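Q: Dropping a structure here in structure tokens format, bear with me for questions.
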Amino acid sequence: MKTDSKRALVVGGSTGIGLAIARFLAERGETVIVTSRDAGRAREVAAQLGPLHEGLALDLAKPDGIAGQLRGLAPLDHLALVGSERDRNTLANYDIATGTSAVIVKVVGYTAVIKVLMPRFNAGASIVVLGGIARRVGYPGSTSTGLVNGAVSSMAQTFAAELSPTRINALHPGGVADSPAWENAPTPYLETLRSRTASRALVTMANVSHAAAFLFDNPGVNGINLEVDGGFPTF
């Protein structure tokens, strides 16, 4: 598929999985706009990607301002919604403020971005929203994460009808061993996860980026939830 004339917006593309997706798309010739809450950080990352790319300030935690922040954006072929609010809430010690923020960022924020951009998608455009394995595999501290990733699952299926013919799919990684969220995880914990994974390997940000590209590129895939977890948990 020819990609050197495509334009992509990666929301939350200044770090981690978002940055990996932005790099993947830039390396295959797409013009990429990366966002961060910090305009300077967004411009810095865009410059690292190359001279054709752009950085844009966007704050998913303040959805009322999203329309203004995206004003004037040129038509798009690909939209990746990757930004999230880290939240380790448990039910017993639930922090309402951090739980609310997690919901606003990934549910209300994602929805607000898509709504604003609906008139600006080119023919054949597609959207990827990032969820996570916590949508079906709970663990201590995943109270809010499981809830919002469940909402992302619903988003892919519900919005497919409303966005037609623009496609939307959700991508749900398992433990991404080389991502910032996992870099400080204890080695015994990672080995336990690895031992329960059918592939005997945790997924990488490169695996997630390839999966995102597949969802962008395949016109026969719409409204699905794709898990990239190496087959977890199997044992």
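The values are calculated or read from the model by the stated rules, or taken from the named source; none is laboratory data. All values derive from a computational prediction rather than experimental measurement. With ideal geometry, Cβ positions are generated from the backbone for all residues, glycine too; neighbour counts draw on all protein chains shown.
Matching residues to (1) basic (Lys, Arg); (2) touching a Pro at 6+ places or on another chain (Cβ under 6 Å); (3) within 23 Å of Val116 (Cα to Cα):
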| site | (1), (2), (3) |
| --- | --- |
| Tyr139 | no, no, no |
| Arg167 | yes, no, yes |
| Ala170 | no, no, yes |
| Tyr189 | no, no, no |
| Phe214 | no, no, no |
| Gly231 | no, no, no |
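Q: Can you go through Arg7, Arg43 and tell me which one is surrounded by 15 or more Cβ atoms within 10 Å (Cβ to Cβ) and under 19 Å from Val129 (Cα atoms)?
A: Arg7
Q: Hey, does region 90-109 have a residue that's buried (at least 23 other Cβ atoms within 10 Å of the Cβ), under 28 Å from Pro219 (Cβ atoms) and either of a type in the set (Val, Ile, Thr) or at pLDDT 95 or above (or both)?
A: Yes, that holds for at least one residue.
Q: Check region 118-140 and report whether any residue there is at pLDDT 90 or above, in contact with a strand residue (DSSP E or B) (Cβ under 8 Å, 6 or more places away or on another chain), in a helix (DSSP H, G or I) and closer than 29 Å to Asn218 by Cβ.
A: Checking region 118-140: at least one residue is at pLDDT 90 or above, in contact with a strand residue (DSSP E or B) (Cβ under 8 Å, 6 or more places away or on another chain), in a helix (DSSP H, G or I) and closer than 29 Å to Asn218 by Cβ.
Per-residue answers, yes or no, for (1) within 26 Å of Ser126 (Cβ to Cβ); (2) assigned to a loop (DSSP other than H, G, I, E, B); (3) free of Cβ contacts under 8 Å to residues at least 12 places away in the same chain; (4) of a type outside the set (Val, Ile, Thr):
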| position | (1), (2), (3), (4) |
| --- | --- |
| Gly65 | yes, no, yes, yes |
| Asp77 | yes, no, no, yes |
| Arg88 | no, yes, no, yes |
| Asn93 | no, yes, yes, yes |
| Val107 | yes, no, no, no |
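Q: Out of region 39-63, which residues are part of a loop (DSSP other than H, G, I, E, B) and in contact with a helix residue (DSSP H, G or I) (Cβ under 9 Å, 6 or more places away or on another chain)?
A: Residues satisfying the conditions are Gly50, Leu52, His53, Leu58, Asp59, Leu60, Ala61, Lys62.
Let's see how each residue does on (1) among the β-branched types (Val, Ile, Thr); (2) modelled with pLDDT of 90 or more:
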{"position": "Thr166", "(1), (2)": "yes, yes"}
{"position": "Asn169", "(1), (2)": "no, yes"}
{"position": "Trp182", "(1), (2)": "no, no"}
{"position": "Glu191", "(1), (2)": "no, no"}
{"position": "Ser195", "(1), (2)": "no, no"}
